[in-house]
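S.K.: Supplied in structure tokens, the structure appears directly below.
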Amino acid sequence: MIKFHEIKVGDYLIADNDGDKKQGEVTNLNHDEKQVCANTGTQDFWYETEQLTAIPLDEEQLMKLKFHKHDNEDGTVKYMKGAFRMMLPAKNDFSKFEIWYRDEHRHVMHPINVHQLQNHFYEMTKVHLNDESFD
């Protein structure tokens, strides 16, 4: 289960509507009832946090978010979107990594989910991370 306080408008999550699981984008939050409104492609629908699942961060998700990949000679892998950078210690090793934007660096010491990367990205860049391209 995802903690309500981690969820922000614009985050990508998996919404479960009676067994029909679809990726959706958070469009609104009801802080009083701790409900999340998400659009799964057809319409906005309100969900309880128990109906939401995080999307594990991996290379496939980064490609969907329009990151560019660069394999370094030392075995590390860098992902880039605009001036935002993410460095993995080895290919497909999302167990720990470094992210940076301009002069702010963060070390993430455990695997995270897509919405958590989106939140780091927003805190650092003041731009929502989504599947639109920009450079």
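S.K.: Suppose the chain between Asn92 and Thr53 were pulled fully straight at 0.36 nm per residue; how much longer would it get relative to their current alpha carbon spacing? Provide the component values of the computation, followed by the final result.
M.R.: Values: separation 39, 0.36 × 39 = 14.04 nm, distance 2.16 nm.
That pair, Asn92 and Thr53, stretches by 11.9 nm at full extension.
S.K.: Say the cut-off is 23 Å between C-alpha atoms; which of Lys22/Lys91; Lys69/Lys96; Lys3/Lys81; Lys3/Lys69; Lys22/Lys96; Lys64/Lys91 go over it?
M.R.: Going by Cα-Cα distance, Lys22/Lys91; Lys3/Lys81; Lys3/Lys69; Lys22/Lys96 fall outside the 23 Å limit.
S.K.: If the label point is 7 Å along Cα→Cβ of Lys22, which residues in region 45-76 have backbone nitrogen under 11 Å from it?
M.R.: Taking a point 7 Å out along Cα→Cβ of Lys22, the residues of region 45-76 whose backbone N falls under 11 Å are 45.
S.K.: If R₀ is 22 angstrom, what is the calculated FRET efficiency for the pair Thr42 and Lys66, using the beta carbon separation as r and rounding to 0.05? Please list the in-between numbers first.
M.R.: Values: r = 23 Å, r/R0 = 1.06.
So the FRET efficiency works out to roughly 0.40.
S.K.: For Lys8, give me every one of the lysines with a C-alpha distance below 16 angstrom, ignoring sequence neighbours fewer than eight places off in its own chain.
M.R.: Reachable lysines: Lys34, Lys126.
S.K.: Going by the alpha-carbon gyration tensor, a ≥ b ≥ c the square roots of its eigenvalues, is the chain rounded (a/c under 1.5) or, if a/c is not under 1.5, prolate (a/b greater than b/c) versus oblate? Walk me through the numbers on the way to the answer.
M.R.: Working: a/c = 2.05, a/b = 1.90, b/c = 1.08.
Since a/c reaches 1.5 and a/b is larger than b/c, the shape of the chain is classed as prolate.
S.K.: Using only Cα atoms and rounding to the nearest 10 degrees, what angle (0 to 90) does helix 114-125 make with the longest principal axis of the chain?
M.R.: Roughly 70 degrees, rounded to the nearest 10.
S.K.: Quick one: compute the contact order of region 4-53, relative version, from alpha carbon pairs under 8 angstrom and 6+ residues apart, as a percent. Present the calculation step by step, with values, prior to reporting the outcome.
M.R.: Values: 90 pairs, mean separation 16.0, N = 50.
Relative contact order of region 4-53: 32 percent.
S.K.: Still on this structure, I have one more. Under 8 Å for C-alpha pairs, at least 6 residues apart: give me the relative contact order for the chain, rounded to a whole percent. If you can, show how the numbers build up before the last one.
M.R.: Details: 253 pairs, mean separation 27.2, N = 135.
Once divided by the residue count of the chain, the mean separation gives 20 percent.
S.K.: Here's a follow-up. For region 65-119, what's the relative contact order in percent, using C-alpha pairs closer than 8 Å and at least 6 residues apart? Working shown, then result.
M.R.: Values: 83 pairs, mean separation 11.4, N = 55.
After rounding, I find 21 percent.
S.K.: Here's something else I'd like to know. Once label points are set 7 Å from the Cα along Cα→Cβ at both Lys3 and His110, what is their separation, rounded to one decimal in nm?
M.R.: Output for this residue pair reads 0.9 nm.
Since every read-out is calculated from the coordinates, none of them should be taken as a lab result. Here the structure is a predicted model, which means the values were calculated and not measured. Here Cβ is always computed from backbone atoms with ideal geometry, including for glycine, and neighbour counts include all displayed protein chains.
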